[in-house]
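Participant: Pasting in a structure now, in structure tokens, and then I'll have a few things to ask.
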Amino acid sequence: MAYGIPSDLVDDHLAMGESQVIMCVKRFAVGIVQVFVQEYLRSPNAEDAARLLEMNKARGFPGMLGSIDCMHWSWKNCPKASHGQFHGQKKGSTIILEAVADQETWIWHAFFGMPGSLNDINVINRSPLMNKIANGDLPPVQFVANGRTYNYGYYAAARKDVERAFGILQAQFAIVRGPARFWDQKMLWY
């Protein structure tokens, strides 16, 4: 996984068949999520929100909870029936990852699986994060901007933060840098 090589490249060296290697990669990915979900795949709590608000206020963005952006991930093994729907902006099929990150590149939200034919606005409109905002399920926030008091935080497209987070993920894990090789969207999420 670290080198992002095809699963059948080392099957002779490991004395394992391609299907066995793929099964191991899937189990590893699911295991990583199960172990780290509580700490790393969660929304910010009140303490986190206070720290994010302070950090962003110092940057000139009072009330901002994080930066939001989308990334198109090339999907090599997109099922034929889905090619039209997942045809990205560029050549080939893509699947979209929406993320919210802070200045320290901590990813606070990830929404994965939208078709590559959608633009960022359409993805954000379908995002569970926007549902949380609409339902008022965000940490309590109050800030003043231009003499007016606001009682809710916001997410801005300060893309530099999110793009840095994506860049770090891609530099550390070549499997994310290359095209997705699995067929199942749920497995791709892991």
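The values are calculated or read from the model by the stated rules, or taken from the named source; none is laboratory data. Given the structure is predicted, the values throughout are model-derived calculations rather than measurements. Positions of Cβ are generated from backbone atoms using ideal geometry, with glycine treated the same way; all protein chains shown enter the neighbour counts. Accessible surface is based on the protein model in full, side chains and every heavy atom, while ligands, DNA and RNA are left aside. Shrake-Rupley method; radii C 1.70, N 1.55, O 1.52, S 1.80 Å.
Participant: In the set 74, 117, which member is in a loop (DSSP other than H, G, I, E, B) and either touching a residue at least 24 places away in the same chain (Cβ under 8 Å) or more than 16 Å from the chain's Cα centre (by Cα) (or both)?
Facilitator: Of the residues listed, the single one that is in a loop (DSSP other than H, G, I, E, B) and either touching a residue at least 24 places away in the same chain (Cβ under 8 Å) or more than 16 Å from the chain's Cα centre (by Cα) (or both) is 117.
Participant: What is the one condition in (1) surrounded by fewer than 17 Cβ atoms within 10 Å (Cβ to Cβ); (2) within 20 Å of residue 190 (Cα to Cα); (3) not small (Gly, Ala, Ser) that residue 109 does not satisfy?
Facilitator: It is condition (1) that residue 109 fails.
Participant: Continuing with this model, one more query. Within the stretch 83-102, which residues are modelled with pLDDT of 85 or more, under 12 Å from residue 115 (Cβ atoms) and open to solvent by less than 30 Å² (accessible area, probe 1.4 Å)?
Facilitator: Scanning the stretch 83-102 gives 86, 93, 94, 95, 96.
Participant: Give me a count of the residues in the stretch 44-82 that are under 19 Å from residue 113 (Cα atoms), surrounded by 15 or more Cβ atoms within 10 Å (Cβ to Cβ) and not β-branched (Val, Ile, Thr).
Facilitator: Of the residues in the stretch 44-82, 9 are under 19 Å from residue 113 (Cα atoms), surrounded by 15 or more Cβ atoms within 10 Å (Cβ to Cβ) and not β-branched (Val, Ile, Thr).
Participant: Filter the stretch 153-168 down to the residues that are open to solvent by 30 Å² or more (accessible area, probe 1.4 Å) and touching a residue at least 60 places away in the same chain (Cβ under 8 Å) and list them by number.
Facilitator: 154, 155, 157, 159, 160, 163, 164, 168
Participant: Pull up the stretch 117-159, narrow it to residues that are closer than 17 Å to residue 102 by Cα, of a type outside the set (A, V, I, L, M) and touching an Asp or Glu at 6+ places or on another chain (Cβ under 8 Å), then point me to the one that is modelled with the lowest pLDDT.
Facilitator: So the residue we want is 159.
Participant: How many residues are assigned to a strand (DSSP E or B) and closer than 17 Å to residue 46 by Cβ if we restrict to the stretch 133-146?
Facilitator: 1
Participant: Just the residues that are within 17 Å of residue 187 (Cα to Cα), open to solvent by 60 Å² or more (accessible area, probe 1.4 Å) and at pLDDT below 90, please, taken from the stretch 29-43.
Facilitator: If the condition is that a residue be within 17 Å of residue 187 (Cα to Cα), open to solvent by 60 Å² or more (accessible area, probe 1.4 Å) and at pLDDT below 90, then 32, 36, 41 are the ones that fit.
Participant: Between 144, 176, 123, which is exposed (fewer than 13 other Cβ atoms within 10 Å of the Cβ) and in contact (Cβ under 8 Å) with a residue 12 or more places away in the chain?
Facilitator: Step by step, each of 144, 176, 123 is checked, and only 144 is exposed (fewer than 13 other Cβ atoms within 10 Å of the Cβ) and in contact (Cβ under 8 Å) with a residue 12 or more places away in the chain.
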